[in-house]
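The values are calculated or read from the model by the stated rules, or taken from the named source; none is laboratory data. Predicted, not measured: the structure shown is a model, and the values here were computed from it. Cβ coordinates were reconstructed from backbone atoms using ideal geometry, including for glycine residues, and neighbour counts include every protein chain displayed. Please note that ligands, DNA and RNA were not included when accessible areas were found on the heavy atoms of the full protein model with its side chains. Shrake-Rupley method; radii C 1.70, N 1.55, O 1.52, S 1.80 Å.
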Amino acid sequence: MSTPGGGAAPGGGAVPGSPVVVIGPMGAGKSSVGKRVAKALGVPFTDTDRVIVREHGPIPGIFADRGEPAFRALEAEAVRTALATGGVIAVGGGAVTHAATREALSGARIVLLTVSPEAVAERIAGSDRPLLANGGIDAWQTIMDERAATYAELAHVVVDTSRRPMSRVVDEVVTWLRSDAGTSGPEAGTTRRGDSAAGTSGSGDDTSTSTEGAP
């Protein structure tokens, strides 16, 4: 899989030893992968969606009562706080749409998880994510298309999670991180910025993911 874009993340490229931020579309497995990567590295893990829920209540309620702009502002603050803590941080699918959040990500090592529509359809079935409430997989694809360029601009490495064993995905991310911000070659299914060959998904169990979280 080719890492889209090729430009540096805002404010510069990845800094070895800096926080790791996992981005990607809804249902890609950001929280599941991020938690396991943090455990493998022995560093803290923060799921910003869970922080928001703990401090402000259910995400669908925030969208309904206060609107998406208010939610994104809360999310940006949660991301800034998590970055100050360090370790591995999983952010909501739409976090990168907020300018303050993108600015806060400067210098972080950013891992983009991708997933095919076919694989994600099973993962988001029954989801209460606000932006999918009236559209299901079609809404997911529309949102993904809208955010794809931003994901591409920010990502330092891309790992596909479509129908791949969780352990393989985690191992690939950890290998990249331990190679001093990806200076060694990626494994199959992992692509660094600037690579051009399309990757393929491995076989095996799907990467598990929660249906909770921000769109």
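Could you grab me the full set of residues in region 91-113 that are more than 14 Å from residue 22 (Cβ to Cβ) and outside any loop (DSSP other than H, G, I, E, B)?
Listed by number, the residues that qualify are 97, 99, 100, 102, 103, 104.
From the residues in region 23-53 that are aliphatic (A, V, I, L, M) and more than 20 Å from residue 102 (Cβ to Cβ), which one is nearest to the chain's Cα centre (by Cα)?
To start, the set of residues in region 23-53 that are aliphatic (A, V, I, L, M) comprises 23, 26, 28, 33, 37-38, 40-41, 43, 51-53.
After this cut, where a residue has to be more than 20 Å from residue 102 (Cβ to Cβ) as well, the list is 33, 37-38, 40-41, 43, 53.
Details: 33: 9, 37: 13, 38: 14, 40: 18, 41: 18, 43: 18, 53: 18 Å.
The extreme case among them is 33.
With the requirement that a residue be at pLDDT below 75 and farther than 24 Å from residue 166 by Cβ, what does region 107-135 give you?
Within region 107-135, 130, 131, 133, 134, 135 meet the criteria.
Would you call residue 73 free of Cβ contacts under 8 Å to residues at least 60 places away in the same chain, open to solvent by less than 70 Å² (accessible area, probe 1.4 Å) and under 17 Å from the mean Cα position of the chain (by Cα)?
Numbers: free of Cβ contacts under 8 Å to residues at least 60 places away in the same chain: yes; open to solvent by less than 70 Å² (accessible area, probe 1.4 Å): yes; under 17 Å from the mean Cα position of the chain (by Cα): no.
No.
Residue by residue, here is whether (1) among the hydroxyl-bearing types (Ser, Thr, Tyr); (2) within 19 Å of residue 24 (Cβ to Cβ); (3) in contact with a strand residue (DSSP E or B) (Cβ under 6 Å, 6 or more places away or on another chain) holds:
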site	(1), (2), (3)
63	no, no, no
69	no, no, no
76	no, yes, no
82	no, yes, yes
89	no, yes, yes
98	no, yes, no
104	no, yes, no
110	no, yes, yes
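Could you say which residue among 34, 29, 93, 67 is on the phi > 0 side of the Ramachandran plot and surrounded by 16 or more Cβ atoms within 10 Å (Cβ to Cβ)? Give the derivation first.
On the way: 34 fails: on the phi > 0 side of the Ramachandran plot; 93 fails: on the phi > 0 side of the Ramachandran plot; 67 fails: surrounded by 16 or more Cβ atoms within 10 Å (Cβ to Cβ).
Only one candidate qualifies: 29.
Taking into account only those residues within region 79-90 that are open to solvent by less than 10 Å² (accessible area, probe 1.4 Å) and assigned to a helix (DSSP H, G or I), which is farthest from residue 155 (Cα to Cα)?
Among residues in region 79-90 that are open to solvent by less than 10 Å² (accessible area, probe 1.4 Å) and assigned to a helix (DSSP H, G or I), the one farthest from residue 155 (Cα to Cα) is 82.
Can you tell me which of (1) open to solvent by 20 Å² or more (accessible area, probe 1.4 Å); (2) assigned to a helix (DSSP H, G or I); (3) at pLDDT 95 or above is the one residue 46 doesn't meet?
All conditions are met except number (2).
Give me a count of the residues in region 137-182 that are closer than 14 Å to residue 110 by Cα and modelled with pLDDT under 85.
3
Any idea which of 142, 161 is open to solvent by 70 Å² or more (accessible area, probe 1.4 Å) and of a type in the set (Val, Ile, Thr)?
On the way: 161 fails: open to solvent by 70 Å² or more (accessible area, probe 1.4 Å).
Only one candidate passes the filter, namely 142.
Which of the residues that make up region 10-38 are β-branched (Val, Ile, Thr) and at pLDDT 95 or above?
So the first thing to find is which residues in region 10-38 are β-branched (Val, Ile, Thr), and the list is 15, 20-23, 33, 37.
Those that are β-branched (Val, Ile, Thr) and at pLDDT 95 or above: 20, 21, 22, 23, 33, 37.
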